[in-house]
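The values are calculated or read from the model by the stated rules, or taken from the named source; none is laboratory data. In this text, all values refer to a predicted model and were calculated from it rather than measured experimentally. Reconstructed Cβ throughout: ideal geometry from the backbone, glycine too, with neighbour counts over all protein chains shown.
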Amino acid sequence: MKMTILQTENLNNLKFLSHTAGRFFMGLYALLLLEVMLLFTPLMDIGNLNATFFILCISLTYPLLYMLPTVVIIFVAIYILRYFNLKHSHKIYIIYVAMVLLSGTTMLLLFADYKIYSMFNFHINGFVLNLIFTPGGIESMGASNFDTVIVVIFGAVIFGLTALLLWLTNIIRDKLVISLKKELLIITVLLVGLISLGTVEKIYFSYSNYENDQEPFYNSQHLPFYIITSMNHIFRVLGIHETAKDNIKMYGAKSSLHYPLKAINVAKIKKPLNIVWLVAESWRADTLNAEIMPATTIFAEKCLRFHNHYSAGNGTRMAMFGMFYGLYGSYWDAVLAGQRPPVLMTVLQTQHYQFQMYTSAKFTYPEFDKTIFANIKPKDLHQSGQNGGFVNDRKNIGEMLAFIKNRNKKLPFMTFMFFESPHAPYTFPDNCIVKKDYLPTFHYTTVDIATNIDKIKNRYLNSVNHLDTQLDRMFKFLKQEQLLKNTIVIVTGDHGEEFMEKGHWGHNQSFHEEQVRPPLLLYVPDKAPRDINYLSSHLDIAPTVAALIGITNPPKDYSLGYNLLGDKRRTYTVCASWDTLCYINDKFKYELSPSQYNTMVTINDAAVNGDEKKLLNKTEVFDLMKNASRFYTK
């Protein structure tokens, strides 16, 4: 069948536009490659030949990924335009304008991401978009009219550059005559080459991750929208053995972590205080009462009692990290990569403290042996056997008391205990049953959470009563040995535990009050006991203890916390999950997530209306963002 004149014209239009677009996109790739090479590649650490190869691969291939949306949109538009009865010149105009706008926007976004990353150490996410498009957002950052003018001028330059690229493309097209077939062949060869390079890079990254080599991961984090891949199953099928996790390489210096910010100064203390640090898994604040925890309630009368206290995380990893470092959970990966112990533990070591650390869980998961206790000798880290939560708790407390009893009394000591009995499945002996209507057996695979939640919570309360008995052993021992006159005692939980009060069971899922509100008791010799209702956080524990052991630096040199015994008060706190930070003040919670839209609720986790959303203190949220990058080198 013969083609009509209109069909022939449309086909020629299609070829003409495709011919022009093909060359334009080769030029756009070159511009994006230059942008990546100038902005992001210098941030990466070219430490060896492997690192150089990896950086070269991602620098060459990711510009192709960044331009992919523009390419798809343009070629789809070219194809669709063939069905519209428009003049050839009009079709060209539509496609040309789209190419300039889309490619210019891509370059602008890439540059904007670089600016954000260089300031805050994270790439464009939902919070940034919300800040830009919400009235008053930019103003809260202190942006002026001058900043607006600069942005407009820079945007004009970028769009002018893409327009220039299009103009040069047309000149080259007219001067350098190449058939569409040859041009498609050239583009195909380039695409195959880049895709092959990208495939090799993904295999290398996956293998490095499998071998526990952190260097490619940290280099990749400098690149926006890097896609993390894993091929662990394939490597295992091929018989490649995974490197043991305890052989993790130290890339602290390469992670750009700058912790602490300044040299730590320590005043000499004539009689250093001992430290007993007691942390219970999943211990929520409202269980500290005379019915469930009678012994701890009595001991609390001797302590500073913090009634508006928040964890640093909704899971053990981030909660404990914040407790000992005074840093947001977003610093975890960098600290782990460098196996950097907290300032507090380093100073205690230089002061010749005797250490014995106990856990009824494991020090290897989360990797506290490579973070919090990285400088503690393995022989001084005592972790659980296979006897179950409450059995291990009893055994460990017995060993802890024996250590304190038999220590070298000429030197100060620090001992730590992590209790596991309040963690699901909530274990306890028969003599700790304070709630008789409890679920007698708990199996993850068969338990019906929704139906049995009340009985499950009663089981939890019984386990917390057992926790009370073990804490009581320590309290009585310290009194008997007359150690309360020279010992700091910290009693807290890592985080809380929810029992479907707001739709969840357990922890790690949300920042609901039940999940992030553990109790905090702080006993300090010669400090009068009292109830404290101002906002406090796990982030404040390390700087408080640091001041008591003689560290004279202000907390800001090594933490994001405050000295609880000082005069400065926090107006908001921060709680972390695996990949999210939650801003919390006295009225609202605002969750900043890199993978989804930011969410805002009231302090009691209720939905907020449009008017309430306007009350968010964006100046403080911006302060949070700066703190999230403060301990990285610029």
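Selection of first residues in the range 63-85 that are outside the structural domain of LEU109 (by TED's automatic domain parsing) and assigned to a helix (DSSP H, G or I) and of second residues that are of a type outside the set (Phe, Trp, Tyr) and surrounded by 12 or more Cβ atoms within 10 Å (Cβ to Cβ), restricted to Cβ pairs under 7 Å at least 6 apart or on distinct chains, gives an empty result.
Condition first: within 21 Å of the chain's Cα centre (by Cα) and part of a loop (DSSP other than H, G, I, E, B). Now tell me which residues in the range 492-504 satisfy that. Give the derivation first.
To start, the set of residues in the range 492-504 that are within 21 Å of the chain's Cα centre (by Cα) comprises 493-497.
Matches in the range 492-504: ASP494, HIS495, GLY496, GLU497.
Taking the conditions (1) at pLDDT 90 or above; (2) surrounded by 19 or more Cβ atoms within 10 Å (Cβ to Cβ); (3) closer than 30 Å to ASP45 by Cα in turn, TYR117 satisfies each one other than (1).
Can GLU201 be described as part of a loop (DSSP other than H, G, I, E, B), of a type in the set (D, E, K, R), within 30 Å of TRP332 (Cα to Cα) and at pLDDT below 85?
no
Within the range 137-172, the set of residues being over 30 Å from MET26 (Cα atoms) and modelled with pLDDT of 60 or more comprises ASP147, THR148, VAL149.
Any residue in the range 371-388 that is touching a residue at least 60 places away in the same chain (Cβ under 8 Å) and crowded, with 19+ Cβ neighbours inside 10 Å? No, because not a single residue in the range 371-388 is touching a residue at least 60 places away in the same chain (Cβ under 8 Å) and crowded, with 19+ Cβ neighbours inside 10 Å. Within the range 511-545, the set of residues being in contact with a helix residue (DSSP H, G or I) (Cβ under 9 Å, 6 or more places away or on another chain), surrounded by fewer than 22 Cβ atoms within 10 Å (Cβ to Cβ) and of a type in the set (Ser, Thr, Tyr) comprises just one member, TYR523. Taken across the range 303-315, residues that are part of a loop (DSSP other than H, G, I, E, B), modelled with pLDDT of 95 or more and touching a Phe, Trp or Tyr at 6+ places or on another chain (Cβ under 6 Å) do occur, with at least one present.
Looking at the range 620-634, which of its residues are more than 15 Å from CYS582 (Cβ to Cβ), in a loop (DSSP other than H, G, I, E, B) and in contact with a strand residue (DSSP E or B) (Cβ under 9 Å, 6 or more places away or on another chain)? Walk me through it before giving the result.
We begin by selecting, within the range 620-634, every residue more than 15 Å from CYS582 (Cβ to Cβ); these are 622, 626, 629-634.
Going one step further and asking which of them are in a loop (DSSP other than H, G, I, E, B), we end up with 629-631, 633-634.
Residues satisfying the conditions are PHE631, THR633.
Residue-by-condition table, conditions (1) under 21 Å from HIS504 (Cβ atoms); (2) surrounded by fewer than 17 Cβ atoms within 10 Å (Cβ to Cβ); (3) of a type outside the set (Phe, Trp, Tyr):
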site	(1), (2), (3)
PHE419	no, no, no
PHE428	no, no, no
TYR438	yes, no, no
THR441	no, yes, yes
LYS457	yes, no, yes
TYR460	yes, no, no
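Look at ILE549 and say whether it is farther than 18 Å from ARG305 by Cβ, among the β-branched types (Val, Ile, Thr) and under 20 Å from the mean Cα position of the chain (by Cα). In short, no.
Quick one: would you say TYR83 is of a type outside the set (D, E, K, R), out of contact with any strand residue (DSSP E or B) (no Cβ under 6 Å at 6 or more places or on another chain) and modelled with pLDDT of 85 or more?
In short, no.
Just one of (1) loosely packed, with under 15 Cβ neighbours inside 10 Å; (2) modelled with pLDDT of 95 or more fails for ALA253. It is (2). Summed over the range 349-370, residues that are buried (at least 24 other Cβ atoms within 10 Å of the Cβ) and assigned to a loop (DSSP other than H, G, I, E, B) total 1. When residues in the range 37-58 are screened for being free of Cβ contacts under 8 Å to residues at least 40 places away in the same chain and either closer than 13 Å to GLY198 by Cβ or touching a Cys at 6+ places or on another chain (Cβ under 6 Å) (or both), 1 of them pass. Taking the range 373-412 as the range and being closer than 20 Å to ASN465 by Cβ and in a loop (DSSP other than H, G, I, E, B) as the test, the residues that pass are ASN387, GLY388.
Residues in the range 173-198 that are at pLDDT below 70 and aliphatic (A, V, I, L, M): LEU176, VAL177, ILE178, LEU180. Applying a threshold of 7 Å to beta carbon distances and a minimum spacing of six or more residues, or different chains, the list of pairs starting in the range 146-160 at a residue that is under 16 Å from MET107 (Cα atoms) and ending at one that is surrounded by 13 or more Cβ atoms within 10 Å (Cβ to Cβ) and at pLDDT 80 or above reads GLY155/LEU108; ILE158/GLY104; ILE158/MET107; ILE158/LEU108; PHE159/VAL100; PHE159/GLY104. Being in a helix (DSSP H, G or I) and of a type in the set (Val, Ile, Thr) is a property that THR346 has. Out of PHE363, PHE418, PHE403, which single residue is of a type outside the set (Val, Ile, Thr), in contact with a strand residue (DSSP E or B) (Cβ under 7 Å, 6 or more places away or on another chain) and farther than 23 Å from GLN515 by Cα? Unique residue meeting the criteria: PHE403. Residues of the range 32-52 that are assigned to a helix (DSSP H, G or I) and among the polar types (S, T, N, Q): THR41, ASN50, THR52.
Give, as residue ranges, the strands (runs of 3 or more DSSP E) completely inside the range 505-619 that count at least 1 residues that are acidic (Asp, Glu) and touching a residue at least 40 places away in the same chain (Cβ under 8 Å).
Details: elements: 520-523, 530-532, 573-576, 581-584, 588-592, 599-602.
Qualifying strands (runs of 3 or more DSSP E): 530-532, 588-592.
State all residues of the range 42-92 that are within 30 Å of the chain's Cα centre (by Cα), over 21 Å from MET107 (Cα atoms) and not charged (D, E, K, R); if no residue qualifies, say none. Before you say what the answer is, go through the steps one by one.
Initially, the range 42-92 is screened for residues within 30 Å of the chain's Cα centre (by Cα), giving 42-69.
Right, trim to over 21 Å from MET107 (Cα atoms) and you get 45-54.
If the condition is that a residue be within 30 Å of the chain's Cα centre (by Cα), over 21 Å from MET107 (Cα atoms) and not charged (D, E, K, R), then ILE46, GLY47, ASN48, LEU49, ASN50, ALA51, THR52, PHE53, PHE54 are the ones that fit.
Just to be sure, is PHE324 in a helix (DSSP H, G or I), within 26 Å of SER593 (Cα to Cα) and not small (Gly, Ala, Ser)? For PHE324, the condition - in a helix (DSSP H, G or I), within 26 Å of SER593 (Cα to Cα) and not small (Gly, Ala, Ser) - is met. Scanning the range 557-608 for residues that are modelled with pLDDT under 90, more than 25 Å from HIS258 (Cα to Cα) and of a type in the set (Ser, Thr, Tyr) turns up SER595, TYR597, THR599.
Every residue, every condition in (1) at pLDDT below 90; (2) surrounded by 13 or more Cβ atoms within 10 Å (Cβ to Cβ), yes or no:
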residue: SER220; (1), (2): yes, yes
residue: MET231; (1), (2): yes, yes
residue: GLY239; (1), (2): yes, no
residue: LEU273; (1), (2): no, yes
residue: TRP277; (1), (2): no, yes
residue: SER282; (1), (2): no, yes
residue: ALA295; (1), (2): no, yes
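In the set PHE631, PHE588, PHE622, which member is under 30 Å from LEU273 (Cα atoms), of a type in the set (Phe, Trp, Tyr), surrounded by 15 or more Cβ atoms within 10 Å (Cβ to Cβ) and under 21 Å from the mean Cα position of the chain (by Cα)? Answer to the check: PHE631.
Taken together, ALA528, ALA628 contain a single residue that is of a type in the set (A, V, I, L, M, F, W, C), out of contact with any Asp or Glu (no Cβ under 7 Å at 6 or more places or on another chain) and more than 22 Å from ALA319 (Cβ to Cβ), which is ALA528.
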